[in-house]
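Colleague: Dropping a structure here in structure tokens format, bear with me for questions.
The values are calculated or read from the model by the stated rules, or taken from the named source; none is laboratory data. Worth saying up front: this structure is predicted, and the values here are computed from it rather than measured. Here Cβ is always computed from backbone atoms with ideal geometry, including for glycine, and neighbour counts include all displayed protein chains. Note: areas computed on protein heavy atoms with side chains; ligands, DNA, RNA excluded. Shrake-Rupley method; radii C 1.70, N 1.55, O 1.52, S 1.80 Å.
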Amino acid sequence: MTALRHLAQVIRSKNAGPFEITFDVIFAERADYQRVRDSGVLTPQLIGELYQVDPQEMVSFMFFEPALAFKFTLVRPGRQGGIGERDTFGAQQHAPLLDIEIP
């Protein structure tokens with residue numbers, strides 16, 4: 001087992017407008033990308049559990065081979081800059097992805 005953070009070159013989250021946050025996991029090596037993709041670990045159900053969202057409400061969820069990337073977009077729990085907003089740029093939301101174990 002290997003933590004996702006040791007396989008990916010980039011793991012990030014960022015603002016995707018006032019109502020969405022997008023996540024990117026980008027690999028430097030095709031073999032690492034294929035290992036993660038083929039493992040079946042990254043599923044809408046897992047992401048839903050990690051971020052406490054219904055998988056049916058995800059805006060997007062995909063492996064994107066031309067960029068050797070896994071990407072997904074979630075609806076923000078509140079609008080960007082709204083009352084109680086703690087991360088207006090969405091840049092601190094990727095942490096739950098770092099420790100996902102990949103066989």
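Colleague: Which sequence of Tyr33, Tyr51 reflects their accessible areas, 1.4 Å probe, from the largest down?
Modeller: Final ranking, largest accessible area leading: Tyr51, Tyr33.
Colleague: I'd like the FRET efficiency for Ala31 and Met58, computed as 1/(1 + (r/R0)^6) with the beta carbon distance as r and R0 of 25 Å, rounded to 0.05.
Modeller: Calculated value: 0.40.
Colleague: Using the scaling law 2.2 N^0.38 Å as the reference, what is the normalised Cα Rg of the chain?
Modeller: Relative to the 2.2 N^0.38 Å estimate, the chain comes out at 1.06.
Colleague: Pick from Gly48, Gly40, Gly17 the residue whose mean-square fluctuation is largest in a GNM of the chain, springs joining Cα atoms under 10 Å.
Modeller: Among Gly48, Gly40, Gly17, the largest GNM mean-square fluctuation belongs to Gly40.
Colleague: Is it possible to state the helix-based mean residue ellipticity at 222 nm for the chain, with each DSSP H run of 4+ residues giving -39500 (n - 2.57), the sum divided by total residues, to the nearest 500 deg cm²/dmol? What is it?
Modeller: -6000 deg cm²/dmol
Colleague: Let me ask something else. Identify which of Val75, Val25, Val59 has the largest mean-square fluctuation in a Gaussian network model of the chain, with springs joining Cα atoms closer than 10 Å.
Modeller: Val59
Colleague: Provide the gained length on full extension for the span Glu20 to Ala95, in nm with one decimal, where the gain is 0.36 nm per separating residue minus the Cα-Cα distance.
Modeller: Taking Glu20 through Ala95 to full extension adds about 25.3 nm, to one decimal.
Colleague: Calculate, for the chain, the solvent-accessible area per residue in square angstrom, rolling a 1.4 angstrom probe over the heavy atoms of the protein chains.
Modeller: 59 Å²
Colleague: Among Gln56, Gln45, Gln34, determine the one that fluctuates most according to a GNM of the chain built with springs between C-alpha atoms less than 10 Å apart.
Modeller: Greatest mean-square fluctuation among the candidates belongs to Gln56.
Colleague: Another question, then. Normalising by the residue count of the chain, find the relative contact order in percent from Cα pairs under 8 Å and 6+ residues apart.
Modeller: 41 percent
Colleague: Give me the net charge for the shell around Phe27: Cβ to Cβ below 15 angstrom, other residues only, Lys and Arg +1, Asp and Glu -1.
Modeller: +1
Colleague: Could you work out what % of the accessible surface of segment 1-52 is carbon and sulfur, using a 1.4 angstrom probe and leaving DNA, RNA and ligands out of the count?
Modeller: Heavy-atom surface of segment 1-52 belonging to carbon and sulfur, 1.4 Å probe: 48 percent.
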